[in-house]
Amino acid sequence: MAAAGPYRCCGVRVGFGGHVVTTCPEEPCSPPEQRVLRARMGGLALVAQGKTNTAPAREASPQSLDYWAGKVDPDNELREAEWLKRAEAARSQYMTGLALKSSRARSRKKAS
């Protein structure tokens, strides 16, 4: 039997939504490509069931200005125009940082 934990390769485990997922312990572990496809199927199933993109999730996302407003003005002391300007700048800084990380990763991948 595989080691205990949330990501066992073989055996019985609990999947998303409490569904029990079983695999034959005699089967070899799946190659990474198949694990990626199964994970993608699980994500698409959640979207199809309407269990994603809820309002609380959107508000807690770094894409949301409300998320950044809480970061730049946690005590709610600034005027709306000022916190909006700062929240937009903070979000832009974060997204630019992500773009820089992505660019570096692509450069490393291209070099190897």
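Values in this text are rule-based calculations from the coordinates and carry no lab data. Please read all numbers here as calculations on a predicted model, not as lab measurements. Don't worry about glycine lacking a Cβ; one is built from the backbone with ideal geometry, like all the others, and counts go over all protein chains shown.
Restricting attention to the range 66-85, the residues being surrounded by fewer than 16 Cβ atoms within 10 Å (Cβ to Cβ) and part of a helix (DSSP H, G or I) number 7.
None of 108, 104 is of a type in the set (Lys, Arg) and surrounded by 10 or more Cβ atoms within 10 Å (Cβ to Cβ) except 104. What about residue 97, is it at positive phi and exposed (fewer than 14 other Cβ atoms within 10 Å of the Cβ)? Against the criterion (at positive phi and exposed (fewer than 14 other Cβ atoms within 10 Å of the Cβ)), residue 97 does not qualify.
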